[in-house]
1. Could you check, for region 14-33, whether at least one of its residues is touching a Gly at 6+ places or on another chain (Cβ under 8 Å), more than 20 Å from LEU60 (Cβ to Cβ) and among the polar types (S, T, N, Q)?
2. If you scan region 30-45, which residues turn out to be part of a helix (DSSP H, G or I) and either β-branched (Val, Ile, Thr) or surrounded by fewer than 14 Cβ atoms within 10 Å (Cβ to Cβ) (or both)?
3. Find the residue count for region 58-70, including only residues that are open to solvent by 60 Å² or more (accessible area, probe 1.4 Å) and in contact (Cβ under 8 Å) with a residue 24 or more places away in the chain.
Amino acid sequence: MTTERIVRIFAGSVVLLSLALGVEASPLFVHRYWLWLTAFVGLNLFQSGITQFCPLEMVLHRMGVRSAQA
């Protein structure tokens, strides 16, 4: 699996989890402040698309996970 796929899977999982914890209609609801995590992940995806800077991708690269470009 490549770093790009892992980043997408991780970001999607965090968004779904934070929505489950932050939306009042969810059976897992804790507090609506969890929606800030959704916003943070969205902003990070947006900036990484523009700047090509993604902390998770850098960590995965150091762990030896190959990139799709390689």
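1. Step one: filter region 14-33 for residues touching a Gly at 6+ places or on another chain (Cβ under 8 Å), giving 15, 29-33.
Those still in the list that are more than 20 Å from LEU60 (Cβ to Cβ) too: 29-33.
Keeping just the survivors that are among the polar types (S, T, N, Q) gives none.
So far as region 14-33 goes, no, none of its residues is touching a Gly at 6+ places or on another chain (Cβ under 8 Å), more than 20 Å from LEU60 (Cβ to Cβ) and among the polar types (S, T, N, Q).
2. Applying the first criterion (part of a helix (DSSP H, G or I)) to region 30-45 yields 32-45.
Result: ARG32, TYR33, TRP36, THR38, ALA39, PHE40, VAL41, GLY42, LEU43.
3. Pass one, region 58-70, residues open to solvent by 60 Å² or more (accessible area, probe 1.4 Å): 58-59, 61-64, 66, 68-70.
Adding the requirement that they be in contact (Cβ under 8 Å) with a residue 24 or more places away in the chain leaves 61, 66, 68.
Total meeting the criteria: 3.
Listed here are the residues, each with its yes/no results for (1) in contact with a helix residue (DSSP H, G or I) (Cβ under 6 Å, 6 or more places away or on another chain); (2) in a loop (DSSP other than H, G, I, E, B); (3) open to solvent by 80 Å² or more (accessible area, probe 1.4 Å).
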site	(1), (2), (3)
ARG8	no, no, yes
LEU17	no, no, yes
LEU28	yes, yes, yes
GLN47	no, no, no
PHE53	no, yes, yes
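The values are calculated or read from the model by the stated rules, or taken from the named source; none is laboratory data. Since the structure is predicted, the reported quantities are computational estimates derived from the model, not experimental observations. So basically every Cβ, Gly included, is an ideal-geometry build from the backbone, and we count neighbours across all protein chains shown. These area figures cover heavy atoms from the full protein model, side chains too; ligands, DNA and RNA do not enter into them. Shrake-Rupley method; radii C 1.70, N 1.55, O 1.52, S 1.80 Å.
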